[in-house]
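Down below is the structure, laid out as structure tokens.
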Amino acid sequence: RPRLPGARRVPMSMLRARIADRLVQAQHPAAILTTFTEADMSAIMEVPKKNKDAFKAKHGVALSFMSFFAKGCVAALKAVPEVNASIDGRDLIYRDFCDLGIAVGTERGLVVPIVRGAEKMSFLEIEKRIAELAIKARDGKLSIGDMSGGTFTISNGGVYGSLLSTPILTPPQSGILGMHKIQERPVAI
């Protein structure tokens with residue numbers, strides 16, 4: 001291949017190449033629909049604000065919004081089991097468990113480790129597992145197994161200031177929740 005002036009070629013890591021392949025793969029078989037919905041976050045914002053110091057002192061991990069969204073997703077997946085299912089040929093595969101993919105930004109890019117058995121976990125257990133996986137992700141120690149087999153994903157573009165996005169499904173998942181920046185503004189109620 002001809003070399004372009006000012007351009008350089010760097011091989012992707014095995015992990016990055018696998019992620020890139022799966023993201024492209026996700027676009028082919030899925031009928032993708034994105035819906036944008038706003039929610040009043042004021043009540044949820046109060047809980048970590050009032051309890052974060054005591055929670056961290058007692059449990060050694062921060063109380064974040066992610067556990068609220070994880071618990072909310074588990075409840076929604078139980079209420080609408082089709083969203084926790086996947087299609088395999090002409091069959092639907094229903095799952096009685098919720099293995100949540102939690103997107104984590106690292107220096108090497110976005111990775112999605114799996115919180116397995118989230119339906120059985122408390123807020124504390126979810127926070128601890130997310131913290132463990134985030135450390136592994138940032139240290140480059142996630143295995144393919146750590147990132148395989150999720151039934152639903154939560155992605156938080158809000159940490160980058162994003163107000164809207166269209167996150168990409170991870171096959172064979174049927175849904176993904178894209179969270180975004182919490183924007184304070186006056187609204188009519």
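Tabulated results
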| read-out | value |
| --- | --- |
| Matching entry among VAL112, VAL80, VAL159 (being of a type in the set (A, V, I, L, M, F, W, C), closer than 20 Å to MET14 by Cβ and open to solvent by 30 Å² or more (accessible area, probe 1.4 Å)) | VAL112 |
| SER143, sole failed condition from (1) under 15 Å from the mean Cα position of the chain (by Cα); (2) part of a loop (DSSP other than H, G, I, E, B); (3) polar (S, T, N, Q) | (1) |
| Any hit, segment 113-125, residues being polar (S, T, N, Q) and either in a strand (DSSP E or B) or farther than 24 Å from ALA62 by Cβ (or both) | no |
| Flag for LEU92 being in a strand (DSSP E or B) and either over 19 Å from ALA17 (Cα atoms) or out of contact with any strand residue (DSSP E or B) (no Cβ under 8 Å at 6 or more places or on another chain) (or both) | yes |
| Single residue of ALA70, ALA75, ALA39, ALA62 found to be in a loop (DSSP other than H, G, I, E, B) and under 26 Å from THR166 (Cβ atoms) | ALA39 |
| Any hit, segment 86-94, residues being within 27 Å of ILE189 (Cβ to Cβ) and in contact with an Asp or Glu (Cβ under 8 Å, 6 or more places away or on another chain) | no |
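The values are calculated or read from the model by the stated rules, or taken from the named source; none is laboratory data. Quick caveat: nothing in here was measured; it's all calculated off a predicted structure. So basically every Cβ, Gly included, is an ideal-geometry build from the backbone, and we count neighbours across all protein chains shown. With ligands, DNA and RNA removed, areas are computed over all heavy atoms of the protein, side chains included. Shrake-Rupley method; radii C 1.70, N 1.55, O 1.52, S 1.80 Å.
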